[in-house]
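If you scroll down you'll find the structure; I have some questions about it.
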Amino acid sequence: MALIKCDFYSDTLGLSTSMHVILPQQTHNQIGMENVTGKGLHPTLYLLHGLSDDDSIWLRRTSIERYVANLGIAVVMPQVHRSFYTDMVEGGRYWSFISEELPALARSFFPLSDQREDNFVAGLSMGGYGAFKLALRKPDQYAAAASLSGALDMSAHMDRNASSALQQTELQRIFGPEVAGTENDLIHLLKESQASQGPQPLLYQCCGTEDFLYEDNQTFRQACEQTNFELTYQEEPGEHEWGYWDAKIQDVLKWLPLPKHD
C-alpha cells in the first residue's frame with residue numbers, strides 16, 4: 001500500500017487543508033502483507049473522522065492500512081474540523097467541500113473511480129452522521145454507507161445540549177436554531193429519500209449498547225425500518241471508544257459490496 005499525506009488548497013473553504021490517502025499497491029514479497037490492486041481506476045472508501053479528530057486519526061488509532069491491503073481499494077480520509085460535514089451558518093462550507101469539491105480534487109490527484117458502484121463512505125460519531133448524510137443526499141454517487149456510533153439524531157442531540165451554553169452555541173453556529181425537518185436532519189432525509197425513484201445506497205449501522213449515542217441510533221434505526229432502505233444493523237456491548245471502532249471497521253470492510261478482482 002502507498003500512504004500519502006496530501007496538503008492542498010480548497011476554493012470552497014478558502015483555505016489550505018489536508019487529506020490522508022491510502023492507495024493500493026501490488027507487491028509480491030512484502031513480509032506480513034498481502035497487497036492487491038485491480039485493473040484501472042480504484043474503488044474508493046471515503047472514511048470520515050469524528051468531532052475531536054482529524055484526517056490522521058484512523059491511521060493512528062486503527063490498522064486501516066493493513067485491513068484494506070488485500071481489498072484493492074483506495075481510502076480517502078479528509079479533514080473537516082468540527083463542522084459536522086455541514087455548510088455552517090457561521091463558518092466554512094464543509095458540506096459543499098465534502099460532497100462536491102473533495103471527490104473531484106481527489107480524482108484529479110489520484111486514479112480513483114467515479115462510478116457509483118465503486119464509491120463508499122463510512123465514519124464514526126460525527127463522521128457517521130456525515131457518511132449517512134452523503135449517502136442520503138447523494139445516493140447517485142455512493143453505493144453503500146456505514147455509520148459507527150454515529151450522531152444520527154441531531155435534533156435530539158441539540159435538545160440534550162440545550163443546557164450547555166458552550167455546546168449549544170457551537171451547534172447553532174453550525175446548524176442554526178433548528179435541525180428538525182431540514183436537509184441536515186437524517187430522519188427527515190430518510191423520508192425524503194424514500195419518496196425518490198432513484199437508487200438507494202445500502203446502509204450499515206452499529207453502536208455499542210453503553211454508548212452515549214445509543215438512543216439516537218435506536219431512533220434512526222426505527223425510522224429506517226419504516227422505509228425500504230436495506231439496513232444492516234449490529235449492536236453489542238461497547239462504549240464510544242477506539243477499541244470498538246477498530247473492531248467494527250473490519251466488519252464494515254467485510255460488508256462493503258466491493259467489486260471482484262480479476
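The values are calculated or read from the model by the stated rules, or taken from the named source; none is laboratory data. None of the values given here were measured: they were computed from a predicted structure. Quick reminder, even Gly has a Cβ in these numbers, built from the backbone with ideal geometry, and neighbours come from all protein chains shown.
One line per residue, one yes/no per condition, for (1) in contact with a strand residue (DSSP E or B) (Cβ under 6 Å, 6 or more places away or on another chain); (2) farther than 25 Å from residue 118 by Cβ:
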| site | (1), (2) |
| --- | --- |
| 201 | yes, no |
| 211 | no, yes |
| 214 | yes, yes |
| 217 | yes, yes |
| 245 | yes, no |
| 252 | yes, no |
| 255 | yes, no |
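Please specify each residue of region 5-30 satisfying the condition of being touching a residue at least 60 places away in the same chain (Cβ under 8 Å) and either among the hydrophobic types (A, V, I, L, M, F, W, C) or surrounded by 12 or more Cβ atoms within 10 Å (Cβ to Cβ) (or both).
Selection gives 6, 8, 10, 12, 13, 15, 17, 18, 19, 21, 23.
Answer with yes or no whether residue 120 is touching a Leu at 6+ places or on another chain (Cβ under 8 Å), buried (at least 16 other Cβ atoms within 10 Å of the Cβ) and in a strand (DSSP E or B).
yes
Take the residues of region 31-53 that are within 14 Å of the chain's Cα centre (by Cα) and more than 25 Å from residue 111 (Cβ to Cβ): which is surrounded by the most Cβ atoms within 10 Å (Cβ to Cβ)?
In this case the residue turns out to be 50.
Look at region 100-117 and say how many of its residues are in a helix (DSSP H, G or I) and among the hydroxyl-bearing types (Ser, Thr, Tyr).
Going through region 100-117 one residue at a time, the tally reaches 1.
Now for a separate question. Search region 185-200 for residues being modelled with pLDDT of 95 or more and touching a Lys or Arg at 6+ places or on another chain (Cβ under 9 Å), and hand back the single one that is nearest to residue 254 (Cα to Cα).
186
Further question on the same structure: Can you name the condition, by its number, that residue 251 falls short on among (1) within 16 Å of the chain's Cα centre (by Cα); (2) buried (at least 16 other Cβ atoms within 10 Å of the Cβ)?
The number of the failed condition is (2).
Return the total of residues in region 1-54 being in a loop (DSSP other than H, G, I, E, B), farther than 23 Å from residue 252 by Cα, aliphatic (A, V, I, L, M) and in contact with a strand residue (DSSP E or B) (Cβ under 9 Å, 6 or more places away or on another chain).
1
Output the residue which, of all residues in region 55-80 that are outside any helix (DSSP H, G or I) and either among the aromatic types (Phe, Trp, Tyr) or surrounded by fewer than 17 Cβ atoms within 10 Å (Cβ to Cβ) (or both), is nearest to the chain's Cα centre (by Cα).
If we filter region 55-80 for residues that are outside any helix (DSSP H, G or I), which is where we start, we get 55-56, 62-63, 68-80.
From what is left, the residues that are either among the aromatic types (Phe, Trp, Tyr) or surrounded by fewer than 17 Cβ atoms within 10 Å (Cβ to Cβ) (or both) are 56, 63, 70.
On the way: 56: 14, 63: 17, 70: 21 Å.
Of everything passing the filter in region 55-80, 56 is nearest to the chain's Cα centre (by Cα).
Does any residue of region 214-236 turn out to be surrounded by fewer than 17 Cβ atoms within 10 Å (Cβ to Cβ), closer than 30 Å to residue 63 by Cα, touching a Ser or Thr at 6+ places or on another chain (Cβ under 8 Å) and of a type outside the set (Val, Ile, Thr)?
Yes, region 214-236 contains at least one residue that is surrounded by fewer than 17 Cβ atoms within 10 Å (Cβ to Cβ), closer than 30 Å to residue 63 by Cα, touching a Ser or Thr at 6+ places or on another chain (Cβ under 8 Å) and of a type outside the set (Val, Ile, Thr).
Oh, and also: Identify, please: which residue in region 81-99 is outside any helix (DSSP H, G or I) and without any contact (Cβ under 8 Å) to a residue 60 or more places away in the chain and is, among those, farthest from residue 184 (Cα to Cα)?
Among them, the one singled out is 81.
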